[in-house]
Amino acid sequence: MISRYLRYSVLGAAMILTLVCLSGMAWWGWLFPLAILFGLLSALGVYDLIQTRHSILRNYPILGHLRFMFEEIRPEIRQYLIESDADEEPFSRDERSLVYQRAKNIEAARPFGTTQRIYDSGYQWLTHSIRPKHITDTDFRVRVGGPDCLQPYDLSIYNISAMSFGALSANAILALNTGAKAGGFAHDTGEGGISRYHRQGGGDLIYEIGSGYFGCRNDDGSFSPERFATLAADPQIKMIEIKLSQGAKPGHGGILPAAKVSPEIAEARGVPLGVDCISPPSHSAFSTPLEMMQFIAQLRELSKGKPVGFKLCIGHRREFMCMVKAMIETGITPDFIVVDGKEGGTGAAPQEFANHMGMPLIEGLTFAHNTLRGAGLRHRIRLGASGKLISAFDIAKVLALGADWANSARGFMFAVGCIQAQSCHTNRCPVGVATQDKRRQRALVVPDKATRVTNFHRNTLKALAEMTGAAGLDHPGKFMPQHFIMREKDRNMVVGDEVYPYMPIGFLLREDDDRFGYLQRWRRARAQAFEPVDDGI
């Protein structure tokens with residue numbers, strides 16, 4: 001309550017001082033300039049409240065201008081006193097500025113060359129061709145749907161990653177989905193169910209089902225086939241995604257206290273008011289790899305043949321191989337798998353989980369891609385990638401290493417106005433993105449931010465097309481590991497296929513290649529259980 005009053009304190013003070021100065025001018029003429037000054041400040045504050053372009057100013061009239069003034073002088077302050085534009089917390093100012101510029105249709109060009117330390121270990125780049133190509137059609141798509149899928153979906157190569165209503169505000173969800181509708185790309189619902197704001201936007205949805213089965217659960221929290229079938233019949237839902245884990249907090253459940261379960265959240269999740277909303281660490285609908293494949297087949301049947309897949313952050317590599325062996329034994333394959341890197345974001349996670357649990361995206365994606373190739377299943381299953389992917393280079397890199405498409409959460413959050421205040425878990429987001437506070441949400445004006453979402457997607461794919469053409473390719477799906485080069489040590493460069501090669505198709509079935517330790521884990525994996533064949537590690 002106090003912070004709400006403080007947000008408008010400068011405007012209130014300016015108005016009061018204007019009235020005081022006007023009243024005192026009859027006795028003290030020198031108050032006239034002050035009356036003009038405070039009157040202009042009051043007018044500016046009122047304008048800030050009603051304008052629709054800047055979320056900060058709508059929530060912090062007059063006071064918000066100090067932030068923009070600081071932004072103008074901060075490069076000089078940071079350059080000499082604090083930090084560089086490339087420092088990541090977790091996204092650098094350069095990265096955020098790239099998104100802001102593309103969302104606002106401002107040319108994302110920079111003068112004076114790169115600021116990257118190109119001879120330092122870890123620097124990465126893509127190779128280019130002496131015969132570049134010009135690509136005019138940038139609506140890159142991939143068809144998702146295996147041999148058992150009756151309603152395949154032509155998915156954009158870049159989409160909005162999973163973010164639940166509840167974690168994000170109503171206005172943020174509506175702006176994202178409206179922007180996705182206009183841009184022709186998909187919006188992952190997150191595990192919080194499908195809210196009225198997802199439906200209002202009209203954009204294509206990927207319905208994520210977590211361990212809480214929100215939107216398709218019985219009263220005891222178990223999975224409800226009947227409720228799922230009713231929900232999945234909605235033509236707005238194009239794909240169904242089972243969430244096994246997410247990068248920022250893999251293996252960690254969650255709880256939304258009863259006090260935070262609003263009527264709208266209860267409606268979307270199918271949970272009662274006044275009761276804690278719990279997401280268990282694991283699923284109750286299956287407990288073995290074989291049961292998991294049967295669950296996938298059940299969802300595909302109940303949805304009348306829509307693409308069904310799962311998302312996970314790779315943990316025990318053997319467990320992923322258990323799933324693959326279950327695919328072989330049952331003949332049931334998911335239509336897609338999304339690999340989430342541990343660098344992925346979340347509204348709240350224990351620090352130890354965010355920092356030290358789960359496999360980074362590049363290693364996880366490479367492992368999943370090669371395991372599926374080794375089992376002879378890669379051609380049946382599409383692979384998505386998520387985890388800090390906001391630029392055309394980020395997308396090209398994961399495509400080169402085996403992904404069919406990329407998802408982004410925080411990139412699209414920046415597009416709707418996120419300033420990386422990192423207060424998502426406090427309900428006090430200053431720009432109305434990650435809060436359920438109605439007063440703070442008003443800062444996010446849906447029509448303006450929806451347009452920025454569409455712009456960001458379109459301009460990012462345009463940049464991807466330019467990089468693809470520069471490499472001499474006609475589609476970004478043709479990037480290969482050899483197009484990706486990194487500096488392993490100072491002045492030593494390593495080509496991508498030396499570190500992250502595509503393993504031979506069927507090598508696990510033939511047991512003829514163990515360069516990277518795949519066979520050792522493959523022999524210990526079994527379809528009947530996630531536990532290993534023996535007691536070894």
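The values are calculated or read from the model by the stated rules, or taken from the named source; none is laboratory data. All of these numbers come straight from a predicted model, not from anything done at the bench. Ideal geometry is used to build each Cβ from the backbone, glycine not excepted, and the neighbour counts take in all protein chains shown.
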What is the number of the single condition among (1) closer than 27 Å to residue 393 by Cα; (2) touching a helix residue (DSSP H, G or I) at 6+ places or on another chain (Cβ under 8 Å) that residue 530 does not meet? (1)
Condition (residue is crowded, with 24+ Cβ neighbours inside 10 Å, among the hydrophobic types (A, V, I, L, M, F, W, C) and either modelled with pLDDT under 95 or touching a His at 6+ places or on another chain (Cβ under 9 Å) (or both)) applied to the stretch 330-346: is it met by at least one residue? yes
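For the stretch 229-251, indicate whether the set of residues that are in a helix (DSSP H, G or I), basic (Lys, Arg) and either touching a residue at least 60 places away in the same chain (Cβ under 8 Å) or under 28 Å from residue 103 (Cα atoms) (or both) is non-empty.
No, there is no match, as no residue in the stretch 229-251 is in a helix (DSSP H, G or I), basic (Lys, Arg) and either touching a residue at least 60 places away in the same chain (Cβ under 8 Å) or under 28 Å from residue 103 (Cα atoms) (or both).
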If you scan the stretch 319-341, which residues turn out to be β-branched (Val, Ile, Thr) and assigned to a loop (DSSP other than H, G, I, E, B)? 332, 333
Does the stretch 170-183 contain any residue that is in contact with a helix residue (DSSP H, G or I) (Cβ under 7 Å, 6 or more places away or on another chain) and assigned to a loop (DSSP other than H, G, I, E, B)? no
Quick one: which helices (runs of 4 or more DSSP H) sit completely within the stretch 4-63 and have at least 3 residues that are farther than 25 Å from residue 428 by Cβ and not hydrophobic (A, V, I, L, M, F, W, C)? 9-24, 32-50
Filtering the stretch 325-382 for residues that are without any contact (Cβ under 8 Å) to a residue 40 or more places away in the chain and under 15 Å from residue 312 (Cα atoms) leaves a count of 2
Condition (residue is closer than 15 Å to residue 467 by Cα, over 21 Å from the mean Cα position of the chain (by Cα) and not aromatic (Phe, Trp, Tyr)) applied to the stretch 117-124: is it met by at least one residue? yes
Every listed condition ((1) more than 22 Å from the chain's Cα centre (by Cα); (2) more than 19 Å from residue 105 (Cβ to Cβ); (3) surrounded by fewer than 18 Cβ atoms within 10 Å (Cβ to Cβ); (4) touching a residue at least 40 places away in the same chain (Cβ under 8 Å)) holds for residue 493 save (4)
Restricting attention to the stretch 94-114, the residues that are at pLDDT below 85 and either surrounded by fewer than 12 Cβ atoms within 10 Å (Cβ to Cβ) or among the basic types (Lys, Arg) (or both) number exactly 7
Among the listed residues 153, 207, 213, identify the single one that is in the same structural domain as residue 263 (by TED's automatic domain parsing) and surrounded by fewer than 24 Cβ atoms within 10 Å (Cβ to Cβ). 153
Here are some residues: 29, 39, 64. Which one is in contact with a helix residue (DSSP H, G or I) (Cβ under 7 Å, 6 or more places away or on another chain) and modelled with pLDDT under 85? 64
Condition first: outside any loop (DSSP other than H, G, I, E, B) and of a type in the set (Val, Ile, Thr). Now tell me which residues in the stretch 470-528 satisfy that. 485, 494, 495, 499
Answer yes or no as to whether residue 221 is outside any strand (DSSP E or B) and either surrounded by 14 or more Cβ atoms within 10 Å (Cβ to Cβ) or outside the structural domain of residue 357 (by TED's automatic domain parsing) (or both). yes
For the stretch 86-131, how many residues meet the condition of being polar (S, T, N, Q), touching a residue at least 40 places away in the same chain (Cβ under 8 Å) and not in a loop (DSSP other than H, G, I, E, B)? 1
Test: residue 362 is closer than 22 Å to residue 139 by Cβ and either outside any helix (DSSP H, G or I) or under 17 Å from the mean Cα position of the chain (by Cα) (or both): no
Counted residues, the stretch 186-197 - those being touching a helix residue (DSSP H, G or I) at 6+ places or on another chain (Cβ under 7 Å), closer than 23 Å to residue 226 by Cβ and either free of Cβ contacts under 8 Å to residues at least 40 places away in the same chain or acidic (Asp, Glu) (or both): 1
Return a yes/no flag: does the stretch 437-456 have any residue that is small (Gly, Ala, Ser) and in contact with a strand residue (DSSP E or B) (Cβ under 7 Å, 6 or more places away or on another chain). no
Lone unmet requirement of (1) within 14 Å of residue 238 (Cβ to Cβ); (2) in contact with a His (Cβ under 6 Å, 6 or more places away or on another chain) for residue 187: (2)
Assess whether residue 275 counts as being of a type in the set (Val, Ile, Thr), surrounded by 19 or more Cβ atoms within 10 Å (Cβ to Cβ) and at pLDDT below 90. no
Flag for residue 368 being within 19 Å of residue 187 (Cα to Cα) and assigned by TED's automatic domain parsing to the domain that holds residue 346: no
